[in-house]
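Structure first, commentary second.
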Amino acid sequence: HSPTTAINHGGISKSSYPHQVAIMSNTHNDKKRKRSRSDDQLAPAVGPHVIQWLGKRKKKVPDALSADKNNHMQMEQILRLLALKERERRALVRYVEKSIDEEMNGGPKKVELQDSDGEYDVKNSAAAASHHHKQQELWPTSVTFSNNYDWESSVPADTKEKYYPSNKIRQRANHFSRNVYFKRITDKDHPACGEFGLYCALAHAKPGQWLLDYVGRVTLGEDQNKKSDYVSDFGEHSELACDANLLGNEARFLNDFRNTGNYPNVEFNFRRDRNGEFRQGVYVKQVKEAKEKGFDGIKQDEELLVSYGKSYWKSRVDGGDLTEFVWRLPNQPMPPGGKPN
């Protein structure tokens, strides 16, 4: 969609700034790419991993790549050979980077089982019940609230079992988070004024702290709703998609940092809970990853901001040129004349 196209999700008007979004893989994986080695440095080992990825996806290997026995082709050259969609390109780059990292570090990294789900299990106190009621009144009527992933039947049983172990899984309570809250944005200078934003409910959310999970309906990547603004890559190889368009929790109200005058302060990372379920968490940025000078976490009532990634916006800006789209940089005052119409 173009950012100037009016869209309505859950009774929420989305006009010049499609905000409750979206392609989260762009965010945490853009971060990964920035700190990874360059394509030139990866080049000697790229070819075999690309061929392996294509084989897993049952895609044809270009003759030029098959003939490159000495692995001279660089990632950029290979991507030009392949007729891939944008999300497939991102998935391929991540797969290659991960595979090479594993080669260099003696095998795959063990995914840490994080016990951060007490948030979904604690019984509501009177104060929590009041908070839940207030948030429930604001919740879009066309969106089902859930802290549990809804798996489409089209996902193969073995794939689902890998991420959602049926003999261990537990259902999470469907109450609103105590770590965050959402509300309408009233600041006229905010690019999402009049829409929802997500805010910190804690006195101080420390760097690296888990806040909540991004939840939605899980489908095969090729079955994703291409018209939805709430789709996230999902799975270790981005073979799945998670869509919070019609089902999800407060994480769907996260706004992009662009044009807010602030840097992103949260990021998305995959994790596994104590039962081995694969989930996508929203975390406060680590100090070393934050661009804001002196960053020490997020204070109460501060808006949570993430980066949707350039590719998300390029697909929604006419011509894909973000030069005019970005009109206010972080830590910069409002430009003369205020927010563009």
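What number of residues within segment 291-308 are modelled with pLDDT under 90 and touching a strand residue (DSSP E or B) at 6+ places or on another chain (Cβ under 9 Å)? If you could, list the steps in order and put the result at the bottom.
Taking segment 291-308 and keeping what is modelled with pLDDT under 90, we get 291-294, 307-308.
Retained after the next criterion (residues that are touching a strand residue (DSSP E or B) at 6+ places or on another chain (Cβ under 9 Å)): 307-308.
Number of matching residues: 2.
For (1) crowded, with 18+ Cβ neighbours inside 10 Å; (2) modelled with pLDDT of 85 or more; (3) outside any helix (DSSP H, G or I), each residue gets a yes or a no:
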{"position": "Thr5", "(1), (2), (3)": "no, no, yes"}
{"position": "His19", "(1), (2), (3)": "yes, no, yes"}
{"position": "Asn26", "(1), (2), (3)": "yes, no, no"}
{"position": "Asn29", "(1), (2), (3)": "yes, no, no"}
{"position": "Lys32", "(1), (2), (3)": "no, no, no"}
{"position": "Ala43", "(1), (2), (3)": "yes, no, no"}
{"position": "Leu79", "(1), (2), (3)": "no, yes, no"}
{"position": "Pro108", "(1), (2), (3)": "no, no, yes"}
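Taking the criterion of being in contact with a helix residue (DSSP H, G or I) (Cβ under 7 Å, 6 or more places away or on another chain) and surrounded by fewer than 17 Cβ atoms within 10 Å (Cβ to Cβ), the residues of segment 153-182 that qualify are Ser154, Ala173. The residues in segment 145-161 that are closer than 17 Å to Leu212 by Cα and among the hydroxyl-bearing types (Ser, Thr, Tyr) can be counted, and the count is 2.
Just to be sure before I move on: is Arg252 outside any loop (DSSP other than H, G, I, E, B), open to solvent by less than 10 Å² (accessible area, probe 1.4 Å), modelled with pLDDT of 90 or more and closer than 16 Å to Tyr164 by Cβ in the structure I sent? First the steps, then the outcome.
On the way: outside any loop (DSSP other than H, G, I, E, B): yes; open to solvent by less than 10 Å² (accessible area, probe 1.4 Å): yes; modelled with pLDDT of 90 or more: yes; closer than 16 Å to Tyr164 by Cβ: no.
No: the conditions fail for Arg252.
Residue by residue, here is whether (1) touching a residue at least 40 places away in the same chain (Cβ under 8 Å); (2) assigned to a loop (DSSP other than H, G, I, E, B); (3) of a type outside the set (A, V, I, L, M) holds:
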site: Asn245; (1), (2), (3): yes, yes, yes
site: Asn269; (1), (2), (3): yes, no, yes
site: Asn275; (1), (2), (3): yes, yes, yes
site: Lys288; (1), (2), (3): no, no, yes
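Scanning segment 125-146 for residues that are touching a Gly at 6+ places or on another chain (Cβ under 9 Å) and open to solvent by less than 30 Å² (accessible area, probe 1.4 Å) gives Trp139, Pro140, Val143, Ser146.
The values are calculated or read from the model by the stated rules, or taken from the named source; none is laboratory data. Keep in mind it's a predicted model, so treat the numbers as computed, not measured. Glycine gets a Cβ as well: all are built from the backbone with ideal geometry, and neighbour counts include every protein chain shown. The protein model used for the area step is the full one, side chains on, heavy atoms only, and it has no ligands, DNA or RNA in it. Shrake-Rupley method; radii C 1.70, N 1.55, O 1.52, S 1.80 Å.
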